[in-house]
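The values are calculated or read from the model by the stated rules, or taken from the named source; none is laboratory data. Computed from a predicted model, the values in this text were never measured in an experiment. Neighbour counts are summed over all protein chains in view; Cβ atoms, including those assigned to glycine, are modelled from backbone coordinates with ideal geometry. To get the accessible areas, we keep the full protein, side chains included, count just its heavy atoms, and leave off ligands, DNA and RNA. Shrake-Rupley method; radii C 1.70, N 1.55, O 1.52, S 1.80 Å.
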Amino acid sequence: MVAASAVLLAGALFLAGCSGTSAEEEMYNALEKAVSAEGSFEDQQEPLVELEKKENELYEEIISLGMKEYEKIVSLSEEALSVVEEREKRAEDEKESIMDSKEEFKAVEDISKNLNDQALKSKASDLQKLMQQRYDAYDALSAAYNEAIALDKELYQLFQKKDLKLEELEAKITEINSSYEKVAALNKEFNDFTEKYNKAKMDFYKKAGIEVEQSDAKGKTS
């Protein structure tokens with residue numbers, strides 16, 4: 001989405017501190033399945049950034065033209081609309097991966113009940129709360145982003161009006177700018193919860209005696 005979106009960090013198990021199929025190891029498996037389910041989320045980040053960049057270039061070209069070049073404005077607006085629709089599709093794919101992650105994460109609550117160590121149970125509870133806050137933050141972010149996309153579509157449709165008034169255009173641009181300010185704020189909130197969750201998960205593994213190597217090359221996209 002707009003700005004950087006943090007992703008879950010994977011913990012690659014290289015030595016388990018416990019043996020058999022303990023509740024701790026079941027927790028590890030469930031938590032990492034939630035990470036795997038968000039693979040598509042990570043895959044959408046770079047394409048979304050590139051699409052936003054391309055759309056911005058088209059927008060800048062459109063506003064640099066005068067109404068004498070109306071036909072070119074229409075053509076560029078149609079192209080921009082196509083880019084917006086591709087962004088919308090990518091964002092929907094991203095949302096579906098988060099929904100898949102939610103489904104995988106449901107198993108964590110039942111498994112955590114089987115943990116014997118009370119301190120570990122407490123950490124597992126904190127982990128669940130953080131992840132729920134992260135999911136809630138994403139839901140708000142996704143809704144705001146969809147609203148912004150709808151406004152973008154309205155903008156490029158406006159550009160195709162021969163009798164477009166400057167006041168009408170300025171009002172729509174102001175509305176869009178406000179919308180993306182909201183998106184940026186919600187995106188930061190989502191990133192913050194993701195970072196807190198990633199840290200809490202590694203703390204849980206340490207407390208559980210499960211040694212993992214945190215995967216790099218994952219984090220924030222640009």
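What to note about this one:
- Screening region 137-156 for residues that are under 17 Å from residue 189 (Cβ atoms) and of a type in the set (D, E, K, R) and picking the one that is most open to solvent (accessible area, probe 1.4 Å) gives 147.
- For region 178-199, filtering for residues that are surrounded by 18 or more Cβ atoms within 10 Å (Cβ to Cβ) and within 11 Å of residue 134 (Cβ to Cβ) leaves 6.
- Scanning region 87-134 for residues that are among the acidic types (Asp, Glu) and open to solvent by 90 Å² or more (accessible area, probe 1.4 Å) yields a total of 4.
- The listed residue being part of a helix (DSSP H, G or I), hydroxyl-bearing (Ser, Thr, Tyr) and over 30 Å from residue 67 (Cβ atoms), out of 156, 145: 145
- Residue 185 within 30 Å of residue 108 (Cβ to Cβ) and touching a residue at least 60 places away in the same chain (Cβ under 8 Å): no
- Of all residue pairs spaced 6 or more apart or on separate chains, those with beta-carbon atoms under 8 Å, a first member in region 82-95 that is more than 16 Å from residue 157 (Cβ to Cβ) and small (Gly, Ala, Ser) and a second member that is modelled with pLDDT of 95 or more and assigned to a helix (DSSP H, G or I) are 91/142; 91/145; 91/146; 91/149.
- Which listed residue, of 65, 31, is among the hydrophobic types (A, V, I, L, M, F, W, C) and not in a helix (DSSP H, G or I): 65
- The one condition in (1) within 25 Å of the chain's Cα centre (by Cα); (2) not in a helix (DSSP H, G or I) that residue 115 fails to fulfil: (1)
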